[in-house]
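The values are calculated or read from the model by the stated rules, or taken from the named source; none is laboratory data. What you see is a predicted model; the values in this text were computed from it and never measured. Here Cβ is always computed from backbone atoms with ideal geometry, including for glycine, and neighbour counts include all displayed protein chains. Keep in mind that these areas ignore ligands, DNA and RNA; they rest on the heavy atoms of the full protein, side chains included. Shrake-Rupley method; radii C 1.70, N 1.55, O 1.52, S 1.80 Å.
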Number of protein chains: 2
Amino acid sequence: MKKSFVLLFSLVLSHLAFTQEALFNAADLKSPEINADKTVTFRFFAPKADSVFITGDFLPTMKVKSRFGLVDVPKPALMQKDAKGVWTFTSDALAPELYSYSFTVDGLRSIDPNNPFLNRDVATVTNIFIVGGPQADFYKVNDIPHGSVTRRWYDSPGLGIDRRVTIYTPPGYESSNATYPVLYLLHGAGGDEEAWIALGRTAQIMDNLIAQGKAKPMIVVMPNGNASQDAAPGEGNTGFYKPQFMAPRTMEGSYEAAFMDIVKFVEKSYRVNAKKESRAIAGLSMGGFHSMHISRFYPNTFDYVGLFSAAIMPREDATAKVYSNIDETLKVQKENGTKLYWIAIGKTDFLYQANVDFRKKLDGMGMKYEYVESEGGHIWRNWRVYLTQFVPKLFN
Amino acid sequence: MKKSFVLLFSLVLSHLAFTQEALFNAADLKSPEINADKTVTFRFFAPKADSVFITGDFLPTMKVKSRFGLVDVPKPALMQKDAKGVWTFTSDALAPELYSYSFTVDGLRSIDPNNPFLNRDVATVTNIFIVGGPQADFYKVNDIPHGSVTRRWYDSPGLGIDRRVTIYTPPGYESSNATYPVLYLLHGAGGDEEAWIALGRTAQIMDNLIAQGKAKPMIVVMPNGNASQDAAPGEGNTGFYKPQFMAPRTMEGSYEAAFMDIVKFVEKSYRVNAKKESRAIAGLSMGGFHSMHISRFYPNTFDYVGLFSAAIMPREDATAKVYSNIDETLKVQKENGTKLYWIAIGKTDFLYQANVDFRKKLDGMGMKYEYVESEGGHIWRNWRVYLTQFVPKLFN
């Protein structure tokens, strides 16, 4: 027994933990397995199931009727069952990317019990994996210097509550005396201060861009954009509850008006260059809407603005002060000048036309911007790519 | 359309995300629902299933035969199906606690699709919920000042790699000039630098104890105790892979010998009182083993030692220098003196006898310690409780 203490200890522990599962014959399979030829094999043990489908964002799409017309969704693929009850599916060779997937077992959605890596998007958790290669290597943890990621709380007098925020500081921040520029990076509807760091792989993207000399070392501040929340679901005073797409008091102006609470907190708490030329603001979807409104409501504050698939539409219904005088404040922002006003959207995004209209408005008033049109729609894959494209343009 | 922009935006977004799931009739149910009488109702939509069981750590246990003898496991409870295909189970009234559970659908383990709150324990993700009340209120995020939680990387010359560490700093740390004491808090086999902060609710426990005046403000350092890992699975250079109970080079001495790399990093990087009287080390299971060995190998370094369900057994098989001269170094540690040597274990823990034997050794050499014997076994419920009991005794 002496010789095998570690083994015995391991056996007892694993036995205690898995006794229940062993009762139900859970199988220890390798899934997903990324093969040398970049195909990916998925395995799921379900001997009694009549059908197991896999669905994921790497599969061919199909058109589905919806109340908003035809939409593209991945076409679930039927997996093949072997004599032992293991269902298997192997994908085509996949391009480098971070992908997500789930199984559907006799009609019920299931995560992959052999893959503990999950992302939560609003209220749904989904398995993820990475196929390595050029763009996807930005999403990996590589053997390079790493920044720090801190969850901390700041006081927001404008919203009347303490609020949680996620902050990335670049490698070397703690041991340096330098001041740094700041990117404020805003999430979309249904997101929170965990969205960019998890789904967006912000820390990995920043570490890699900085290590490759493609981005200046900078601080990235990822606040919670839902004015009614102190923190992400489960991380705040409300406890555990099911997240929803639009929290109360969303997109009604309070958040934008109180945004300087965050800027003041950051500039008081970190060694930053507290100047317009060292401030950037960008966001996806609702966060793009927020970035557009905040940067023009405080029209001499940010030299860099990024609108990723921005939810920019006319808001004649909006009554908050922050939404009044949009054209006038945009004009002031234009006259004050920005070093970069960057707009990116996918060709099939449901907000495509809204962005066409917004660019027409900017063209009409002579406001300069850079424009990137990508494939695809309103998806995290695009937002990760936009971040890797936008960040190298900052603070040069 | 103008009036309902936010609603429309929300509908489109939620529709895009849930189209696939809608195809498979996933139901939007409230689960778990904590009722006023502290019973808890679970719901799961599975119209075609023949059986749905719930299992969780709040259920009565049953004896199951194993190669280690009879072990107690929760007895799965059959849920009841209604005409709409919704399976329901309501528990007895539950004592305040953080609980975990999963479903078993026709023999297959499933998480609760209506509950996005999950903990990963080694390779298994499990749903969690909290029933509020005295002890469990330490595990909640309450409306009190909050500390910060940072994931950062330190250089470990002793292990030859950069490694990730999770660090809690107390409320007010950033705006103060004070120095703070430090608790080094170590995880068990299969854990990593995410274990204490997630499964152990360390940030919530510390915030609540400090706000109630029951604990001194302190820094809590949660390192990765697996000498072969740079970081938790998925957070390091190895990428996504299935975690295992005992990583390579576990409990073979390297980690303990290189531990001062962590102490040096912390004392260089934070405003701490770098003295024995301001250092505590504690850990659960393998982390208790580590705490015992580190505190005697560096026998004049820690004034507070906590062994939670510690994996302390004779190690005649161990050849590393750190495991030689155990009795002699314990004697030196005793002579140098500690302010607190604290041992806690559950009555049904499989390490109970090993801890009896270890206490006999301490008694034999006249080394003083405090001893707490709790109900239950080798489970996170006990380790959270031990943390709330141990921390108030520190640095007084």
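Can you give the log10 of the normalised intensity I(q)/I(0) at q = 0.10, 0.14 Å⁻¹, computed with Debye over equal Cα scatterers of chain B?
Summing over Cα pairs of chain B leads to -0.74, -1.29.
Going by amide H atoms built from the backbone, whose H comes under 5 Å of the H on B:ILE343, apart from near neighbours?
Those lying under 5 Å, H to H, from B:ILE343 are B:LEU307, B:GLU370, B:TYR371, B:VAL372.
Which lysines does A:LYS331 reach when only Cα atoms under 29 Å apart count, and residues fewer than 8 places away in its own chain are ignored?
Qualifying lysines at Cα under 29 Å: A:LYS264, A:LYS275, A:LYS276, A:LYS321, A:LYS339, A:LYS347, A:LYS360, A:LYS361, A:LYS368, A:LYS393, B:LYS2, B:LYS3.
In whole Å, what is the distance between the alpha-carbon centres of segment B:246-281 and segment B:61-123?
About 38 Å separates the Cα centre of segment B:246-281 from the one of segment B:61-123.
Could you compute the FRET efficiency for A:ALA36 and A:LYS84, with r as their C-beta to C-beta distance and R0 at 22 Å, rounded to 0.05?
That pair, A:ALA36 with A:LYS84, gives E of 0.35.
In segment B:340-382, which GluC sites (Glu not before Pro) are in a loop and have at most 13 other Cβ atoms within 10 Å, using DSSP for the loop call?
Taking segment B:340-382 and a limit of 13 other Cβ atoms within 10 Å, the loop GluC sites (Glu not before Pro) found are B:GLU375.
One decimal, nm, shortest first: give the distances between the label point of A:ARG249 and those of the same position in the other copies, each label point 7 Å from Cα along Cα→Cβ.
5.0
For segment A:328-344, list residues with backbone N below 11 Å from a point placed 7 Å from the Cα of A:TYR369 toward its Cβ?
A:341-344
Relative contact order, percent, of chain B when contacts are C-alpha pairs under 8 Å separated by at least 6 residues?
11 percent
When the Debye formula is applied to the Cα atoms of segment B:50-158, each taken as the same point scatterer, what base-10 log of I(q)/I(0) results at q = 0.13, 0.22, 0.23 Å⁻¹?
-0.69, -1.35, -1.41
In peptide B:109-121, what is the residue-averaged number of other protein chain Cβ atoms found within 10 Å of each Cβ?
Averaged over the peptide's residues, the number is 5.
Excluding A:GLY190 itself, calculate the net charge of residues whose Cβ lies under 14 Å from the Cβ of A:GLY190, where each Lys or Arg counts +1 and each Asp or Glu counts -1.
On the way: positive: A:ARG120, A:LYS242; negative: A:ASP121, A:ASP192, A:GLU193, A:GLU194.
Computed value for this residue: -2.
Say a label goes 7 Å from Cα toward Cβ at A:LYS360 in every copy; what distances in nm does this one have to the rest, shortest first?
Label point to label point, same position, other copies: 8.8 nm.
Tell me, what ³J(HN,Hα) does each residue in segment A:197-212 have, in order and in whole Hz, if you take phi through Karplus 6.51 cos²θ - 1.76 cosθ + 1.60 with θ = phi - 60° and put x for Gly and Pro?
Per-residue couplings from phi come out as 6, 8, 5, x, 6, 4, 4, 5, 4, 5, 3, 5, 4, 5, 4, 7 Hz.
What residues have an amide H closer than 5 Å to that of A:MET79, excluding those fewer than 5 places away on the same chain, when H is modeled at 1.01 Å from N in the peptide plane?
Amide H to amide H, under 5 Å and 5 or more residues apart or across chains, A:MET79 pairs with A:VAL52, A:PHE53, A:ILE54.
Using θ = phi - 60° and the Karplus curve 6.51 cos²θ - 1.76 cosθ + 1.60, what whole-Hz ³J(HN,Hα) does each residue of segment B:43-58 get, with Gly and Pro shown as x?
3J(HN,Hα) across segment B:43-58, in whole Hz: 9, 8, 8, 7, x, 8, 6, 8, 8, 10, 9, 10, 10, x, 7, 9.
Whole-Hz Karplus ³J(HN,Hα) for segment B:123-136, in order, using 6.51 cos²θ - 1.76 cosθ + 1.60 and θ = phi - 60°, x for Gly and Pro?
Listing the rounded values in order: 10, 10, 9, 9, 5, 10, 7, 10, 9, x, x, x, 5, 5 Hz.
Pairs of alpha-carbon atoms within less than 8 angstrom and 6+ residues apart define the contacts here; what relative contact order does segment B:24-133 have, in percent?
28 percent
Over all directions, average the projected area of the Cα convex hull of the protein assembly as shown and note it in nm².
Average projection, Cα convex hull of the protein assembly as shown: 32.9 nm².
Largest first, how would B:TYR173, B:TYR298 line up by accessible area (1.4 Å probe)?
Details: B:TYR173 25, B:TYR298 50 Å².
These residues rank, largest area first, as B:TYR298, B:TYR173.
So, counting K/R as plus one and D/E as minus one, what does the shell of residues with Cβ under 10 Å around A:LEU340 add up to?
On the way: positive: A:LYS339, A:LYS368, A:LYS393; negative: A:ASP303, A:GLU370.
With Lys, Arg at +1 and Asp, Glu at -1, the net is +1.
Using a probe radius of 1.4 Å on heavy atoms only, what accessible surface per residue do you get for the protein assembly as shown? Whole Å² is fine.
Details: 31000 Å² over 792 residues.
Here the per-residue accessible area is 39 Å².
Once A and B are treated as a pair rather than alone, how much accessible area drops out, both sides summed, in Å² to 100, probe 1.4 Å?
Buried area between the two chains comes out at roughly 8100 Å².
Which residue of chain A is nearest the rotation axis onto chain B, counting by its Cβ, and what is the distance in whole Å?
Output: A:THR150, 2.
Let a ≥ b ≥ c be the square roots of the eigenvalues of the Cα gyration tensor of segment B:134-174; is it rounded (a/c under 1.5), or, if not, prolate (a/b larger than b/c) or oblate?
Prolate.
Within the set of other residues whose C-beta is less than 15 Å from the C-beta of B:ASP230, count the net charge using Lys and Arg as +1 and Asp and Glu as -1.
-3
Amide H of A:ALA189: which non-local residues (sequence gap of 5 or more, or other chain) have their own amide H closer than 5 Å, using H built in the peptide plane?
A:MET286, A:GLY287
Say a label goes 7 Å from Cα toward Cβ at A:ARG67 in every copy; what distances in nm does this one have to the rest, shortest first?
Those label-point separations list as 5.7 nm.
At 7 Å along Cα-to-Cβ for each site, give me the label-to-label distance between B:LYS242 and A:VAL356 in nm.
5.0 nm
Please enumerate, by chain and number, the lysines with C-alpha under 16 Å from the C-alpha of A:LYS84, excluding those fewer than 8 residues away in the same chain.
Excluding near neighbours in sequence, the set is A:LYS30, A:LYS48.
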